[in-house]
Amino acid sequence: MTTEILARIQFAFTVGFHYIYPPLSIGLGVILVMMEGMYLKTKNPLYEKMTKFWVKIFALTFALGVATGIVMEFEFGTNWATYSRYVGDVFGSALAAEGIFAFFLESGFLAILVFGWNKVSPRTHFISTIMVSLGSMLSAVWIVVANSWQQTPAGFHIVGQGLEARAEITDFWAMVFNPSSVDRLLHVLSGSWLAGSFLVISVSAYYIIRKRHLDFAEYSLKIALLLAGFASLFQLFTGHQSAVGISKTQPAKLAAFEAHFDSLAPAPIYLFGWVNEEQQQVKFGVAIPGMLSYLIYGNTQKPVTGLNAFSPETRPPVNIVFQTYHFMVAIGVLLIIISWLGIFLWWRGKLFRHKWLLYVFIFSVLGPQIANQLGWMSAEIGRQPWIVYGLLKTSEALSKAVTTGQIWFSLILFTIIYILLFVLFIYLLNEKIQHGPEEADEIQSEYEHQKLVLEKNKTF
């Protein structure tokens, strides 16, 4: 393998592994706000126990997210020195803002969230929960802003020439609100909400099937279903908006999404297929004619810019982008069906009567994680051969001194460490799930008993 391919594989591996945890933290943060808010409103101690249990899971994912994210910063310097020099001014501003406005906010209030239950008032603790959730989302804001600038650069100028060229910010807010940042941020957040909510749904369904902590599980499942139902539809909307934006800013990527080659023809949407790039055909494909043209322009007959409008060396690899994109969309549609089927059965009072659906809920935790990874792959591979779209190619961004042997060594080392971290994460997560919430069922039963006593007293 070449140095470039190895460096790309290493960075893809570390980023992909890291990306398991931040979406879970963001989604669980919203769940915690909902649960603790219900506790303050109803004074039902079961909601407090629910919050305390899921705080433990949140703290675990937060810790793994921090540990696995540090490595990427070193890779910028070791493997991608030319890229780091080129985008240092832009990335430095965004990452500094992430540290100041997001990480310190989240980590500062996390101590109160985890250890402050009996040390601060309930309202103060609730404020800390909100701040932690807000901090996790603000962290996503600045990371997505930095990455989106690579996709659609704005608010900068180039100084220097050749290997000394670098981008300098001329308009900070134009850089922040570059053409793709808002759409991509909303899409990332909706995917994160799905990741957190389906984790809660999965664990709750497991408890119900095992007939453990039933009150806790049923309440948790319903709260998570509400967030999942909203987030699944919101993700569909943000995905559409992002595709419309891509048609204007990165037409080659959009064409690769649907393997559309002819710029003079309307573009279909494929349900599935296999792309033969040499023949410029989708084999075994089932397509809806003109649907992409309709979604982008509102006209099924309007042509969409195809891959033939770009020279072969500036086109992304089509088949892998096509496959990752379509699998992502398929999983997204499946998550909409699962979440809204659960909401419908809840409304009909039949949610917990269908054991098959509970088993689906258990394994549905994998859906958002796989979709998030596939979405990241389609977005990043789809902008190739550019690492900064239209300005700097990936092949030009490598460090000049790093060797294939050095990358192989670090890749093997990182793989071993990350496997150990993942095994540790699964072990600790399973331990917390098996232990379950403390005395949740007993507290709920006592709460229901007190309500009945109060109602009887009112009657008399």
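The values are calculated or read from the model by the stated rules, or taken from the named source; none is laboratory data. Keep in mind that this is a model prediction, so the values were computed, not measured. All Cβ positions, even for glycine, are placed from backbone atoms using ideal geometry, and neighbour counts span all protein chains on display.
Note down all Cβ pairs under 7 Å where the first residue falls in the range 236-255 and is on the phi < 0 side of the Ramachandran plot and surrounded by fewer than 18 Cβ atoms within 10 Å (Cβ to Cβ), the second is hydrophobic (A, V, I, L, M, F, W, C) and in a helix (DSSP H, G or I), and they're at least six residues apart or on different chains.
Listed pairs, sorted by first residue: 236/336; 240/295; 244/296.
Return the residue satisfying two criteria in turn: it lies in the range 422-437 and is closer than 18 Å to residue 220 by Cα and in contact (Cβ under 8 Å) with a residue 12 or more places away in the chain, and of such residues it is surrounded by the fewest Cβ atoms within 10 Å (Cβ to Cβ).
433
Name the residue, out of 324, 314, that is of a type in the set (Ser, Thr, Tyr) and in contact with a helix residue (DSSP H, G or I) (Cβ under 6 Å, 6 or more places away or on another chain).
Unique residue meeting the criteria: 324.
Would a scan of the range 23-33 turn up a residue that is modelled with pLDDT under 90, of a type outside the set (Phe, Trp, Tyr), out of contact with any Phe, Trp or Tyr (no Cβ under 6 Å at 6 or more places or on another chain) and under 30 Å from residue 126 (Cα atoms)?
no
Considering only the range 1-54, how many residues are more than 25 Å from residue 98 (Cβ to Cβ) and of a type in the set (Gly, Ala, Ser)?
1
Please tell me if residue 215 is among the charged types (D, E, K, R) and closer than 25 Å to residue 141 by Cβ.
No, not satisfied.
Residue check: is residue 91 surrounded by 14 or more Cβ atoms within 10 Å (Cβ to Cβ), in a helix (DSSP H, G or I) and touching a residue at least 40 places away in the same chain (Cβ under 8 Å)?
Answer is yes for this residue.
Look at residue 47 and say whether it is in a helix (DSSP H, G or I), touching a strand residue (DSSP E or B) at 6+ places or on another chain (Cβ under 6 Å) and buried (at least 18 other Cβ atoms within 10 Å of the Cβ).
no
Return the only residue of 431, 380 being within 21 Å of residue 150 (Cβ to Cβ) and among the charged types (D, E, K, R).
Only one candidate passes the filter, namely 380.
Could you please give the count of residues in the range 94-121 that are crowded, with 16+ Cβ neighbours inside 10 Å and aliphatic (A, V, I, L, M)?
Selection size over the range 94-121: 9.
Would you check if there is a residue in the range 265-284 being in contact with a helix residue (DSSP H, G or I) (Cβ under 7 Å, 6 or more places away or on another chain) and either among the acidic types (Asp, Glu) or within 22 Å of residue 152 (Cα to Cα) (or both)?
Scanning the range 265-284 turns up at least one residue that is in contact with a helix residue (DSSP H, G or I) (Cβ under 7 Å, 6 or more places away or on another chain) and either among the acidic types (Asp, Glu) or within 22 Å of residue 152 (Cα to Cα) (or both).
Specify the residue that is modelled with the lowest pLDDT; the eligible residues are those in the range 1-22 that are more than 12 Å from residue 72 (Cα to Cα) and part of a loop (DSSP other than H, G, I, E, B).
Per the stated criteria, the residue is 1.
From the list 379, 371, 397, which one is in contact with a Gly (Cβ under 8 Å, 6 or more places away or on another chain), among the aliphatic types (A, V, I, L, M) and at negative phi?
Only one candidate passes the filter, namely 371.
Residues checked against (1) of a type in the set (Phe, Trp, Tyr); (2) part of a helix (DSSP H, G or I); (3) without any contact (Cβ under 8 Å) to a residue 12 or more places away in the chain:
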{"residue": "74", "(1), (2), (3)": "yes, yes, yes"}
{"residue": "82", "(1), (2), (3)": "no, yes, no"}
{"residue": "102", "(1), (2), (3)": "no, yes, no"}
{"residue": "118", "(1), (2), (3)": "no, no, yes"}
{"residue": "130", "(1), (2), (3)": "no, yes, no"}
{"residue": "143", "(1), (2), (3)": "no, yes, no"}
{"residue": "158", "(1), (2), (3)": "no, no, no"}
{"residue": "174", "(1), (2), (3)": "no, yes, no"}
{"residue": "184", "(1), (2), (3)": "no, yes, no"}
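Given the structure, is residue 402 more than 20 Å from the chain's Cα centre (by Cα), surrounded by 17 or more Cβ atoms within 10 Å (Cβ to Cβ) and modelled with pLDDT under 90?
yes
Against the conditions (1) in contact with a strand residue (DSSP E or B) (Cβ under 7 Å, 6 or more places away or on another chain); (2) among the polar types (S, T, N, Q); (3) surrounded by fewer than 17 Cβ atoms within 10 Å (Cβ to Cβ), where does residue 150 fall short? Just the number, please.
(3)
Might you check whether a residue that is in contact (Cβ under 8 Å) with a residue 60 or more places away in the chain, part of a loop (DSSP other than H, G, I, E, B), on the phi < 0 side of the Ramachandran plot and in contact with a helix residue (DSSP H, G or I) (Cβ under 9 Å, 6 or more places away or on another chain) occurs anywhere in the range 201-224?
Within the range 201-224 (the criterion being in contact (Cβ under 8 Å) with a residue 60 or more places away in the chain, part of a loop (DSSP other than H, G, I, E, B), on the phi < 0 side of the Ramachandran plot and in contact with a helix residue (DSSP H, G or I) (Cβ under 9 Å, 6 or more places away or on another chain)), the answer is yes, since at least one residue qualifies.
Could you go through the range 445-457 and let me know if any residue there is closer than 21 Å to residue 51 by Cβ and modelled with pLDDT of 80 or more.
No, the range 445-457 contains no residue that is closer than 21 Å to residue 51 by Cβ and modelled with pLDDT of 80 or more.
Take the range 262-318 and flag every residue that is of a type in the set (Phe, Trp, Tyr), surrounded by fewer than 18 Cβ atoms within 10 Å (Cβ to Cβ) and closer than 19 Å to residue 330 by Cβ.
272, 274, 284, listed by residue number.
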